[in-house]
Amino acid sequence: MAAFASAALQYSSSSSLQSQMHSSPLAPSLEPTHDHNLWVRVRSQKSTRPISYPQNNPTGLRIRSAATKPAKSPAEEEWKKKREVLLQKRVRSVDAKEALRLQKENNFVILDVRPEAEFKEAHPPGAINVQIYRLIKEWTAWDIARRAAFAFFGIFQGTEENPEFLQSVEAQIDKNAKIIVACSTGGTMKPSQNLPEGQQSRSLIAAYLLVLNGYTNVFHLEGGLYSWSKEELPLVSEG
């Protein structure tokens with residue numbers, strides 16, 4: 001009888017608490033303990049002694065990793081390092097209207113790092129296009145495998161880093177020039193509750209490469225060319 005009562009009480013306690021905890025969106029992961037620290041003794045039908053719990057575990061349940069944050073991915077760790085460099089180099093973000101004013105009044109260059117096809121569809125007047133990523137060009141076994149991997153996720157125009165990015169920029173823009181780097185969405189260096197390190201983007205990665213290679217007046221278009229279009233600022237297209 002004692003064994004039966006003990007087992008039933010453990011199940012009831014565990015089941016009730018799990019039900020209550022799982023109803024909360026912040027519920028930690030729970031699992032019943034099997035260390036036999038929860039028990040009850042039955043002497044007769046009319047007399048039972050109270051449940052005895054260990055001091056450090058009053059529920060009889062083990063809580064695993066209740067406050068443990070998930071580990072950051074290698075990409076997140078890499079972005080954290082790049083963001084620190086951007087902040088140290090004082091790369092500043094500007095909104096679309098400010099970018100247009102700086103282009104007109106202070107001879108800032110808008111560097112559009114989107115793929116060439118996107119640039120031709122629409123871009124700010126006077127912008128220079130050097131794509132930081134390009135369509136995969138080669139047809140080696142490795143490149144075919146990469147294309148297949150992109151296709152698996154429904155992306156039929158896989159991209160790769162443009163190895164000629166810096167060389168192309170240096171051929172068109174002096175290192176003392178004032179540059180505003182732009183891409184589609186812009187990303188951000190501003191921390192938020194959900195994104196404590198901000199969010200990386202093509203333009204921020206390009207800005208990172210520029211400041212590492214001697215460009216000293218680099219700005220970043222906050223909100224990207226999406227915000228430029230939303231503000232109904234001038235755009236031109238090519239052929």
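Every number in this text was worked out from the coordinates using simple rules, so none of it is lab data. Quantities reported herein were computed from a predicted structural model and do not represent experimental measurements. We place every Cβ from the backbone using ideal geometry, glycine too, and count neighbours over all the protein chains shown.
At 7 Å along the Cα-to-beta-carbon direction for both LEU235 and ALA117, put a label point, then send me their distance in nm to one decimal.
Here the modelled spin labels are 1.7 nm apart.
Roughly what would the spin-label model give for GLN172 and TYR226, points 7 Å off Cα along C-beta, in nm?
Each label point lies 7 Å from its Cα, and together they span 2.4 nm.
Amide H neighbours of VAL109 under 5 Å, counting only residues 5+ apart in sequence or on other chains, H built in-plane at 1.01 Å?
For VAL109, whose amide H was placed from the backbone, the distant partners under 5 Å are LYS178, ILE179, ILE180.
Across every pair of different alpha-carbon atoms, what Kirkwood hydrodynamic radius in Å does the stretch 166-236 reach?
Details: mean 1/r = 0.0763 Å⁻¹.
Roughly 13.1 Å, rounded to one decimal.
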